[in-house]
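Participant: Submitted below is the structure of interest, expressed as structure tokens.
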Amino acid sequence: MGETSTPKLTLESLRKEHPEIIEALRKEIENDAAMKEAQAQLEKKLAETQKALEEAKAENARLKEAQLLVEARTFVEAKVRGAKIPDLTKARIVESLAKDPVVKDGKIDETAYAAKIEAAIKSEAEYLAKLGVGKVSGMGAGAPTEKTLEEAEKAFAERIKIFGGF
């Protein structure tokens, strides 16, 4: 039997005999590199977008909390306004309760919050009543002065002389 020799396939022989194959391979390699570069750029943009989204979500949450605290302060101020307690006590209640609103589903639970405010007002009013707010006390009692009419008139006349007389 005869030997059949197969021509040795080399890059040079392909370039000469089948330039379309070489061109197709070159384009495929270029396309593959371009695809990898495009994918890397897309992944970078995706990471940047995800980071921006997380920052926006955090900022949004912070702003919602700030808005909730402003609404809480307004709500407490409105509820405390009519209370029959000193203004300083009202301000203290507002400062205390505006920082800790009763929240349900991301909004102020007005019913529960109003009850909390009323309880605080009542507690402060009871405390002030025990202290005797509104009564003058602790100023000391003056010495009893029992002067006769003559002594009082004489003291009065002396005072008038001090201030230039009549």
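Participant: Can you confirm whether region 87-110 contains a residue that is more than 14 Å from the chain's Cα centre (by Cα), loosely packed, with under 12 Cβ neighbours inside 10 Å, within 30 Å of LEU131 (Cα to Cα) and among the basic types (Lys, Arg)?
Facilitator: No, region 87-110 contains no residue that is more than 14 Å from the chain's Cα centre (by Cα), loosely packed, with under 12 Cβ neighbours inside 10 Å, within 30 Å of LEU131 (Cα to Cα) and among the basic types (Lys, Arg).
Participant: In addition: SER123 passes all but one of (1) at pLDDT 90 or above; (2) surrounded by 11 or more Cβ atoms within 10 Å (Cβ to Cβ); (3) under 25 Å from the mean Cα position of the chain (by Cα); which number fails?
Facilitator: (3)
Participant: Right, here's the next one. Return yes or no: is GLY164 modelled with pLDDT under 90, under 24 Å from the mean Cα position of the chain (by Cα) and not charged (D, E, K, R)? Working first, answer last.
Facilitator: Working: modelled with pLDDT under 90: yes; under 24 Å from the mean Cα position of the chain (by Cα): no; not charged (D, E, K, R): yes.
So GLY164 does not fit the description; no.
Participant: Identify, please: which residue in region 126-160 is at pLDDT 80 or above and charged (D, E, K, R) and is, among those, farthest from ARG73 (Cα to Cα)?
Facilitator: By that ranking, first place goes to GLU150.
Participant: Regarding ASN60, is this residue more than 30 Å from ASP109 (Cβ to Cβ) and out of contact with any Phe, Trp or Tyr (no Cβ under 9 Å at 6 or more places or on another chain)?
Facilitator: On the way: more than 30 Å from ASP109 (Cβ to Cβ): no; out of contact with any Phe, Trp or Tyr (no Cβ under 9 Å at 6 or more places or on another chain): yes.
So ASN60 does not fit the description; no.
Participant: Same structure, new question: Of everything in region 111-127, what is of a type outside the set (Phe, Trp, Tyr) and farther than 16 Å from VAL94 by Cβ? Give them in sequence order.
Facilitator: So in region 111-127, the residues of a type outside the set (Phe, Trp, Tyr) come out as 111-112, 114-126.
Residues satisfying the conditions are THR111, ALA112, ALA115, GLU126.
Participant: Criterion first (modelled with pLDDT of 90 or more, among the charged types (D, E, K, R) and over 20 Å from the mean Cα position of the chain (by Cα)) does LYS79 satisfy it?
Facilitator: Working: modelled with pLDDT of 90 or more: yes; among the charged types (D, E, K, R): yes; over 20 Å from the mean Cα position of the chain (by Cα): yes.
It is true that LYS79 is modelled with pLDDT of 90 or more, among the charged types (D, E, K, R) and over 20 Å from the mean Cα position of the chain (by Cα).
The values are calculated or read from the model by the stated rules, or taken from the named source; none is laboratory data. Only a predicted model underlies this, so the values are computations on that prediction, with no experimental measurement involved. Here the Cβ is made from the backbone with ideal geometry for all residues, glycine too, and neighbour counts use every protein chain on show.
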